[in-house]
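Visitor: Structure provided below as C-alpha cells; questions to follow.
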Amino acid sequence: MLKAVLGALVPLLAAVVAFAFGAIMLLALGASPLEGLNAMLDGAFGSGSRLAATAVKATPLILVGAGITIAFRTSVINIGGESQIIAGALLSTVVALTLPDLPAFILVPLVLLAGAAGGAVLGAIPGALKAYASVNEILSTIMLNLVMVQFMNFLLRGPLIDPFELEAGTRIPQTQRLSDNAALPTLIDGTRLHIGVPVAIIAAVAAYLILWRTPTGFRLRAVGHSPEAARAAGISVKRNVTLAMALSGSLAGIAGSILVFGSEGQRMVTDGSAAGFTGSAGFNGIVAALFGGLHPLWTIPSAMLFGALLTGATQLQRVLQVPAALAVALNGIVVIFVISSTPVRGWLQRSLADSGLFSRSSNRVEAD
Amino acid sequence: MGDFFTLSVLVATAASAIRLATPYLLASLGETIGQRSGVLNLGVDGVMLLSAFFSYWTVLGTGNLWLAVLVGLVVGLAMGVLYGVITVRLSATQGISGIGIFIFGLGLSDLLFRQLVGTPKPVRRLPNVDVPILSDIPHLGEALFQRNLLTYLAFLLVPATALLLSRTTFGLNIRSVGENPQAADSLGVSVERTRFVAILIGNAMAGLAGAALVLQLGIFQPNLTQGLGFIAVALVYFGAWRPVGVMGGALLYGLVNATVLQWKALGIIPVSGSDLANMAPAVLTILALIVLARRVHAPAALTKPFTRH
C-alpha cells in the first residue's frame, strides 16, 4: 500500500521539481514565475483552439510514447524515435506524391499505413541487429537518427524539393504542397484538431491490448522479463526483440505521417536538423512514456501534459520572450527525476505477471 | 580526385583530421574510464553542449581562452556530480538517465544561448602552438606538431589513461568494480566511491571535449555537437575499452570528417551529395558495431547498478 502511494507520488514529485526548476530559471532570466505560469496555462488551455493545438502537439508524443512502452516492456531501449518518425514521414510523402489523385478515404489511410511501414523498417533494423548480431540497440538507434537526418536533408534539398524553391532560388528544404486528398480531415471547424488525434489514441489503446490481451504481447513481455526463461519456454527471443522494435517504430512512423499531413502547410519541411521536422517528438515521446509509467494508456494523459508544456512554452516565448527551449530542459529534468526514483525502476524491470491498468497496485514492484 | 592527392592537400587534411579528432578523443577517453568502472554515460552529448556553451560565453565575456577551458572542465565536473548521484547513489537505469542528461543539456544550452547571446558571434579560437624542433620536420611537423594545446593534451591523455587503468591501484579498482563489483566489495574496495570518481573524471573530460569543440570552431550554435557525443560513446566499443583503440577510432573519425570536408571543398563530392556524405560517420559506426559486437569483451558489470545484499 505504501509502495502504491509512493508510486503515484513519483510523477507528481517530478512535476513539482521540474516546476521549481522552471521557476528558478524564469527568475534567473528576469521574468516573473507567476506570469510565466499564467502565460503557459493560457497558451496551452486558454481557448478551444489552443486546447486543440495542445492535443495536436500531444499526438506524436502519444504515438511515440505508446511505441516506447512496447519496446521497453520487451527490454529493448528504443532511442530511435527520431529516425522512425522521419522514415514514416518520408515514405508517406512519397506515397502522396506518387498517388495524389486517389480519393481521400483511400489516400488518408494509405499514407498512415505508409508511415507505419517506414517507421517499422527503421525499428526492425536495430531490432534485428540486436537480436542477430548482438549490436547494442541504444547505440544503433542513435546512429540511425544521425543517418536519417542527413537522408531527409538529402531528399528534401534534392529529389523531393518543391520545384518552386528551385525556381525562386530560396532552396528551403521542403516538399511541394502535397495532395489535399491526403490531408487529415479536421474534426472541429476553426481549430487544428484533426483525425490524427483519435488515431493516436486508438493506437495507444491497441498497444495496450496487444501487450496485455494477446499471446503476442505475452511473449513480448516474457522476453522483457527474462530472456532466459522465455527461451526455456520455447519463445523466440530474437524474433520478439525484432518484432517489438518494428511495432515501436511503426507507431513512431505513423507520428511522422501525421506531422506531414496534419500540418498547416500540408508538406514535409525541415531546417536541416531532425528537430526542425520532428520537434524532438522521438525524445519527448520517451519522456511521456516514462512519466506515464511505461503504460500505453497512461501515456495518453502524460503526452497531453507534455503537449501542454510545448504549446505553453511557445506562448511563454511570445509573451515573456523566454526561449521555448526551456520546455526541452524541463523534459530532461523530468526524465532524470522519474528514472531516479525507485518505483519507476521497479516498473522498468517488472514481472510479466502484471495485467496493467486494472491491477495497478500489482505494478508497484518491490524494488530490488 | 587528382587534386586530393597533392602533398599540400594531404597534409592539410591530416592536420584537420587531428584537430577534428580532439573532441572525440577527449570525450571517448573519459567515457572509457567510466565504462571500465561499469557505468555507461549516454549523456556525454548533453554535457558537451553545456560545457561548450559556457566556454563560449566565457570567451565572449572575458576573451580569456584558458579561463574558458577551465569553465568547460568545471561544468563537466558539475554534471558528473549530478550523474554520479543519479546512477551510483540512486542506482537509476543508466541508459535512460543518460538520455535525460542529454535532453537537459540540449535544452538548457539552447535556452541560455538564445537568452544570453542571441545571434552567433565568432570568438577567438585556440591558437596553434609549434612544438620546438618537431614542428620543423617537413610536412609531418606541419600536420602533427603545429596544433593547439588541447589537441596535445588529448593525445597525451591516451598513454596517461592507459597507465592509470593498467598500472595504478585506482585503475585496478576501476577495472575490478567494472568486472565484478561483488568481489571488489568483499575485498574492501568501495564500489560506490570508485564509480563516482570514475564518473567525475569521465564527465570532466567530456567538459574539456565540449570546450575543445567550441574553441576550435570559434562559434556556438544550438545543438552544436550534432550527435558527436553519442559517436564518442560508440568509439569506446570501437576501441574495445582500450585507450589506444579509442584513439584509433577517434583518428579514423577525424579523418573521415576531414576528408568529407576536403572533398566538398574540392568539388569531388557534388553539393547535391553532401548530405549523403555527412551520413558517413554514423554509417561507419553502425558497420563497426556489427563487425565488433561479438569480438570485443565489454566490462562484465557495465550498466549494472551495484547494491549490497
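The values are calculated or read from the model by the stated rules, or taken from the named source; none is laboratory data. Quick caveat: nothing in here was measured; it's all calculated off a predicted structure. Don't worry about glycine lacking a Cβ; one is built from the backbone with ideal geometry, like all the others, and counts go over all protein chains shown.
Visitor: Out of curiosity, is residue B:283 in contact (Cβ under 8 Å) with a residue 12 or more places away in the chain, under 21 Å from residue A:146 (Cα atoms), among the β-branched types (Val, Ile, Thr) and within 11 Å of chain A (Cβ to nearest Cβ)? Full working, then the answer.
Guide: On the way: in contact (Cβ under 8 Å) with a residue 12 or more places away in the chain: no; under 21 Å from residue A:146 (Cα atoms): yes; among the β-branched types (Val, Ile, Thr): yes; within 11 Å of chain A (Cβ to nearest Cβ): yes.
No: the conditions fail for residue B:283.
Visitor: Here's a follow-up. At least 1 residues that are under 24 Å from residue B:147 (Cα atoms) and basic (Lys, Arg) in each: list the helices (runs of 4 or more DSSP H) lying fully within region B:1-99 that qualify. Before you say what the answer is, go through the steps one by one.
Guide: Details: elements: B:7-36, B:44-62, B:65-84.
Hits in region B:1-99: B:7-36.
Visitor: With respect to residue B:161, is the statement that it is surrounded by fewer than 19 Cβ atoms within 10 Å (Cβ to Cβ), of a type in the set (Ser, Thr, Tyr) and modelled with pLDDT of 95 or more true? Let's see the steps before the verdict.
Guide: Numbers: surrounded by fewer than 19 Cβ atoms within 10 Å (Cβ to Cβ): no; of a type in the set (Ser, Thr, Tyr): yes; modelled with pLDDT of 95 or more: yes.
Judged against the criteria, residue B:161 is not a match.
Visitor: Which of the residues that make up region B:286-305 are more than 7 Å from every other protein chain (Cβ to nearest Cβ), among the small types (Gly, Ala, Ser) and without any contact (Cβ under 8 Å) to a residue 60 or more places away in the chain? Can you show your working first?
Guide: Initially, region B:286-305 is screened for residues more than 7 Å from every other protein chain (Cβ to nearest Cβ), giving B:287-288, B:291-292, B:295-305.
Still in the running and among the small types (Gly, Ala, Ser): B:288, B:298, B:300-301.
Scanning region B:286-305 gives a single hit, B:288.
Visitor: Here is a follow-up. Of the conditions (1) away from every other protein chain (no Cβ under 11 Å); (2) in contact with a helix residue (DSSP H, G or I) (Cβ under 9 Å, 6 or more places away or on another chain); (3) of a type outside the set (Ser, Thr, Tyr), residue B:61 clears all except one; give me its number.
Guide: Checking residue B:61 against (1) away from every other protein chain (no Cβ under 11 Å); (2) in contact with a helix residue (DSSP H, G or I) (Cβ under 9 Å, 6 or more places away or on another chain); (3) of a type outside the set (Ser, Thr, Tyr), the one that fails is (2).
Visitor: Taking the conditions exactly as written (among the hydrophobic types (A, V, I, L, M, F, W, C), within 14 Å of another protein chain (Cβ to nearest Cβ) and closer than 29 Å to residue A:190 by Cα), does residue A:146 satisfy them or not? Steps first, please.
Guide: Values: among the hydrophobic types (A, V, I, L, M, F, W, C): yes; within 14 Å of another protein chain (Cβ to nearest Cβ): yes; closer than 29 Å to residue A:190 by Cα: no.
No.
Visitor: In addition: Consider only pairs whose beta carbons are under 8 Å apart and that are at least six residues apart or on different chains; among these, list those whose first residue lies in region A:307-328 and is without any contact (Cβ under 8 Å) to a residue 24 or more places away in the chain and whose second residue is polar (S, T, N, Q).
Guide: A:323/A:317; A:323/B:115; A:324/A:314; A:324/A:317
Visitor: Please specify each residue of region A:52-76 satisfying the condition of being surrounded by fewer than 24 Cβ atoms within 10 Å (Cβ to Cβ) and over 30 Å from residue A:188 (Cβ atoms).
Guide: A:72, A:75
Visitor: Among the residues of region A:293-314 satisfying the criterion of being within 14 Å of chain B (Cβ to nearest Cβ) and part of a loop (DSSP other than H, G, I, E, B), which is nearest to residue A:142 (Cα to Cα)? Give the steps one after another, and end with the answer.
Guide: Step one: filter region A:293-314 for residues within 14 Å of chain B (Cβ to nearest Cβ), giving A:293-294, A:306, A:309-310, A:313-314.
Keeping just the survivors that are part of a loop (DSSP other than H, G, I, E, B) gives A:293-294.
Details: A:293: 23, A:294: 21 Å.
Top of the filtered list is A:294.
Visitor: I'd like the full set of residues that are free of Cβ contacts under 8 Å to residues at least 12 places away in the same chain and under 16 Å from residue B:95 (Cβ atoms), limited to region A:135-158.
Guide: A:135, A:136, A:139, A:143, listed by residue number.
Visitor: Can you tell me which residue in region B:183-197 is surrounded by the fewest Cβ atoms within 10 Å (Cβ to Cβ), limited to those that are without any contact (Cβ under 8 Å) to a residue 24 or more places away in the chain and of a type outside the set (D, E, K, R)? Give the steps one after another, and end with the answer.
Guide: Restricting attention to region B:183-197, the residues satisfying the condition of being without any contact (Cβ under 8 Å) to a residue 24 or more places away in the chain are B:183-184, B:186-190, B:193.
Checking the rest, the ones that are also of a type outside the set (D, E, K, R) come to B:183-184, B:186-190.
Numbers: B:183: 11, B:184: 23, B:186: 9, B:187: 10, B:188: 6, B:189: 18, B:190: 13.
It comes out as B:188.
Visitor: Same structure, new question: Taking region B:170-197 as the region of interest, how many residues are more than 30 Å from residue B:212 (Cα to Cα), part of a helix (DSSP H, G or I) and either within 20 Å of the chain's Cα centre (by Cα) or not charged (D, E, K, R) (or both)?
Guide: Count: 8.
Visitor: Follow-up question, since we're still on this one. Only one of these conditions is not met by residue A:202: (1) in a loop (DSSP other than H, G, I, E, B); (2) loosely packed, with under 14 Cβ neighbours inside 10 Å; (3) not basic (Lys, Arg). Which number is it?
Guide: If we test residue A:202 against (1) in a loop (DSSP other than H, G, I, E, B); (2) loosely packed, with under 14 Cβ neighbours inside 10 Å; (3) not basic (Lys, Arg), just (1) comes out false.
Visitor: What's the total number of residues in region A:318-332 that are part of a helix (DSSP H, G or I) and within 9 Å of chain B (Cβ to nearest Cβ)?
Guide: Here is the first cut: in region A:318-332, the residues part of a helix (DSSP H, G or I) are A:318-320, A:326-332.
Okay, now just the ones that are also within 9 Å of chain B (Cβ to nearest Cβ), so A:326-332.
So the answer is 7.
Visitor: Quick check on residue B:303: is it under 22 Å from the mean Cα position of the chain (by Cα), part of a loop (DSSP other than H, G, I, E, B) and of a type outside the set (A, V, I, L, M, F, W, C)?
Guide: Details: under 22 Å from the mean Cα position of the chain (by Cα): yes; part of a loop (DSSP other than H, G, I, E, B): yes; of a type outside the set (A, V, I, L, M, F, W, C): yes.
For residue B:303, the condition - under 22 Å from the mean Cα position of the chain (by Cα), part of a loop (DSSP other than H, G, I, E, B) and of a type outside the set (A, V, I, L, M, F, W, C) - is met.
Visitor: May I ask you to list pairs of residues, at least six apart or on different chains, whose Cβ atoms are under 8 Å apart, with the first in region A:255-272 being at negative phi and the second being in a strand (DSSP E or B) and of a type in the set (Val, Ile, Thr)?
Guide: Hits for this filter: A:263/A:269.
Visitor: Do we have any residue at all in region A:98-107 that's closer than 22 Å to residue A:323 by Cα and either part of a helix (DSSP H, G or I) or at pLDDT 95 or above (or both)?
Guide: Step one: of region A:98-107, the residues closer than 22 Å to residue A:323 by Cα are none.
The answer is no, given that none of the residues of region A:98-107 is closer than 22 Å to residue A:323 by Cα and either part of a helix (DSSP H, G or I) or at pLDDT 95 or above (or both).
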